[in-house]
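One structure below.
Please treat every number below as a calculation from the coordinates, not as lab data. Predicted, not measured: the structure shown is a model, and the values here were computed from it. Virtual Cβ from ideal backbone geometry, glycine too; neighbours counted across all protein chains shown.
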Amino acid sequence: MSQSGYTLIEVLITVAILAVVTATAIPTLQNYASGLEAEADNEQVRNALSKARFFARANNIAVDVQDQNDQIILMAGTATVSVYPLQQKTVNFYDASNNQISVLSVNNSGAFPTNNTIQLSGNGSTETLTLLRSGRLQ
């Protein structure tokens, strides 16, 4: 009578190899996921600015872009137009004189009164975007 199967040593070696492969793969996957969340935050900021300009032009009203509690909020007067949550990044707005401001205003023609700077910080990196009066980001 012959027996087939794996010995205890073969199973232990296989488990050890899987543990090593898993231990090396997890940090790489975490970094990849973190990078995707950071890129999503950058896209949220771009989308918020684009919608603010569109909404201001379409409705002929001024719109304020605010950063509150890890989210970008678009306000038209006292009404909330949209909320854009951020996963990882902190957003700071600066005016043309490099003073930190809490609100970016978009006039009813969809333009910003001055060139502004937007700083996105988080996850060990900082990205600075220049927001032109026209609404273009550089």
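Below, the figures for the structure above:
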read-out: Filtered residues of the range 69-104 (kept if free of Cβ contacts under 8 Å to residues at least 12 places away in the same chain and within 20 Å of ALA38 (Cβ to Cβ)); value: ASN69
read-out: The range 100-135: number of residues that are surrounded by 12 or more Cβ atoms within 10 Å (Cβ to Cβ), part of a loop (DSSP other than H, G, I, E, B) and not hydrophobic (A, V, I, L, M, F, W, C); value: 9
read-out: Criterion: in contact with a Leu (Cβ under 6 Å, 6 or more places away or on another chain) and farther than 17 Å from ILE118 by Cβ - qualifying residue of VAL81, VAL63; value: VAL81
read-out: Residues within the range 42-99 that are buried (at least 17 other Cβ atoms within 10 Å of the Cβ), aromatic (Phe, Trp, Tyr) and outside any strand (DSSP E or B), tallied; value: 1
read-out: Selected residue (only one of TYR32, TYR6 is of a type in the set (Phe, Trp, Tyr), under 17 Å from the mean Cα position of the chain (by Cα) and either part of a helix (DSSP H, G or I) or farther than 16 Å from VAL91 by Cα (or both)); value: TYR32
read-out: Selection count, the range 10-59, where residues are over 30 Å from SER109 (Cα atoms) and touching a strand residue (DSSP E or B) at 6+ places or on another chain (Cβ under 7 Å); value: 1
read-out: Test: residue in the range 123-138 that is of a type in the set (D, E, K, R), free of Cβ contacts under 8 Å to residues at least 24 places away in the same chain and within 19 Å of LYS51 (Cβ to Cβ); value: yes
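Residue-wise test of (1) within 30 Å of ASN31 (Cβ to Cβ); (2) over 16 Å from the mean Cα position of the chain (by Cα); (3) not aliphatic (A, V, I, L, M).
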site: LEU49; (1), (2), (3): yes, no, no
site: ASN69; (1), (2), (3): yes, no, yes
site: ALA76; (1), (2), (3): no, yes, no
site: THR128; (1), (2), (3): yes, no, yes
